[in-house]
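The values are calculated or read from the model by the stated rules, or taken from the named source; none is laboratory data. Just so it is clear, the structure is predicted and the values come from calculations on it, not from any experiment. Virtual Cβ from ideal backbone geometry, glycine too; neighbours counted across all protein chains shown. All accessible areas refer to the heavy atoms of the entire protein, side chains included, with ligands and DNA or RNA removed. Shrake-Rupley method; radii C 1.70, N 1.55, O 1.52, S 1.80 Å.
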Amino acid sequence: MPQIRPRGARDEPQEEEAVVITGGEHEVFPTRPVPELITLNAFGLLIEPTDEVGLFCREVFMKHYDYKVRLPRPELFTQTFDLAYEARRTEFPNFGANAGISTEEWWAPIFYKTFLDLGFPKEDLDEVFVGVFEELFYESLTSEWAWEPVEDVLPMLDKLQEWRMAGGPKLGVVCDYDERLSTILENLDMLHYFDVVVNSREAGAGKPDKAPFLLAMEKAEVKDPKKVMHLGLDFDHDVVGAAKAGMDSVWVVMPAYDQLEPEQEVQQLSFTKIGDLEAVLSMYERSDPERLISTTYKNKNRQGHLRVQY
């Protein structure tokens, strides 16, 4: 495989309790102090893929061959990519944060193996791989072509930012991903909503480890974890991780009444269950009483593999 080095480094010398379920207009939440910081997970709650990763791999590869090559269907690219991704994650967890390799060096073998396993001759692949990888890694897979805001999240972020500007809590993102998270949010014109953005690679560990949550507190200059609220869709990572870090842990379930209770609830973790982000404003009497309440989860008929990170 051709050597992949981070951009900007090529010409530099290399050194050796209670669960609360939302109920529409009858939502009732226990009185709680206003937090100093509200953090959210990104994937599924703020942003989501526009399509499967195989579509982008296929399109960029065709572009580098001037569209003169026949390639497998996008779903075959995705299936092969998923296998390579899982193998790499098992070998070097958390995007290689503790393996002494760059983010580019962690991702490049995944794409290289994907193309090889699909039958591309190594000699031909080596001629174009660096260009293909760089376009995918730095451009296509961080663009508004590959990602979009979750439906209806922008009006909610506007309300949270308005609260923030009026003296309310700071806003942050805590997500298991690499440094490109901020770039994705910026390309979607969403980065300005947040005071802090923490990815698991910079934290040195992914959720449910305490490290990314504590790093968000440090960046936001918040000392007491009890003054931090974290919201996420994933019970095992977001809810458990935030609760163990001592934060006000909130499980966002869409819709709340259509979700089986996780076995982990028997662990006596203290968390709150809500049905949407608007419920956060309801907790502090900042919600619009005239708002429409959705009773149907809009999933755009996407397959589960579209939730895979890339």
Segment 141-187, residues that are open to solvent by 10 Å² or more (accessible area, probe 1.4 Å), touching a helix residue (DSSP H, G or I) at 6+ places or on another chain (Cβ under 8 Å) and either among the small types (Gly, Ala, Ser) or within 14 Å of Thr39 (Cβ to Cβ) (or both): Ser143, Gly168, Lys170, Asp176, Ser182
Elements of type helices (runs of 4 or more DSSP H) in segment 44-139, at least 2 residues being within 30 Å of Pro155 (Cα to Cα): 53-64
Unmet criterion (only one of (1) touching a Phe, Trp or Tyr at 6+ places or on another chain (Cβ under 8 Å); (2) surrounded by fewer than 16 Cβ atoms within 10 Å (Cβ to Cβ)) for Pro225: (2)
Subset of segment 82-94 that is of a type in the set (A, V, I, L, M, F, W, C) and farther than 19 Å from Arg180 by Cα - its residue that is least open to solvent (accessible area, probe 1.4 Å): Ala84
Flag if Gln264 is modelled with pLDDT under 95, more than 15 Å from the chain's Cα centre (by Cα) and open to solvent by less than 50 Å² (accessible area, probe 1.4 Å): yes
Extreme residue, modelled with the lowest pLDDT, among residues of segment 237-261 that are surrounded by fewer than 21 Cβ atoms within 10 Å (Cβ to Cβ) and not aliphatic (A, V, I, L, M): Tyr257
Residues located in segment 188-215, provided they are out of contact with any Phe, Trp or Tyr (no Cβ under 9 Å at 6 or more places or on another chain), closer than 23 Å to Arg7 by Cα and either open to solvent by less than 10 Å² (accessible area, probe 1.4 Å) or part of a helix (DSSP H, G or I) (or both): Leu191, Glu202
Selection status of Leu171, outside any strand (DSSP E or B), among the hydrophobic types (A, V, I, L, M, F, W, C) and out of contact with any His (no Cβ under 9 Å at 6 or more places or on another chain): no
Inter-residue pairs, beta-carbon under 7 Å, first open to solvent by less than 30 Å² (accessible area, probe 1.4 Å) and in segment 109-127, second outside any helix (DSSP H, G or I), 6+ apart: Tyr112/Met1
